[in-house]
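What follows draws every value from the coordinates through simple rules; no lab data is involved. Source: prediction; values computed, not measured. So basically every Cβ, Gly included, is an ideal-geometry build from the backbone, and we count neighbours across all protein chains shown.
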Amino acid sequence: MLLDQTHGRLESGAGMNEFDMIHDLVNLGAAGLMGVLWTWERMMSRQRERQLTEAHERLMSHRNEISALTDLAERNTRAITHFDKTQAALRQWLEIMVQAKRNPSVDIFEAHSDHDHDSRS
């Protein structure tokens, strides 16, 4: 009985399949059952290790792409933050202009400096 490293399957040299070997081991009683469970756990462990290794290799092969996407996300965040600040300033000026239109005696430059002082507090 051999454990095929590439496919994670049990193989025997005498043409037996996995189920025949498991059946034979189980017929050995508790020790055979423990052997089957140990063999199955090792097979699953190797398969999982291979999957993790492959996933890690894929991630490492895409390192440049991931780095470029991270940089792009950072630049987009800065652009959106700048856009948000610009929109807030524009909204503030529009509020002042509407206020000045409703009340012509309002000095828009004074209102702007008052508004800046209020927004900083």
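Worth a mention:
- In sequence order, region 38-50 has phi-based couplings of 5, 4, 5, 4, 5, 4, 5, 5, 5, 5, 5, 4, 5 Hz under the Karplus curve 6.51 cos²θ - 1.76 cosθ + 1.60, θ = phi - 60°, and Gly or Pro positions carry x.
- Label-reachable residues, region 19-52, where backbone N falls under 18 Å from a point 7 Å from His62's Cα toward its Cβ: 51-52
- Look at Val26, Val36, Val98 and count the other Cβ atoms within 10 Å of each Cβ; fewest to most, that gives Val98, Val26, Val36.
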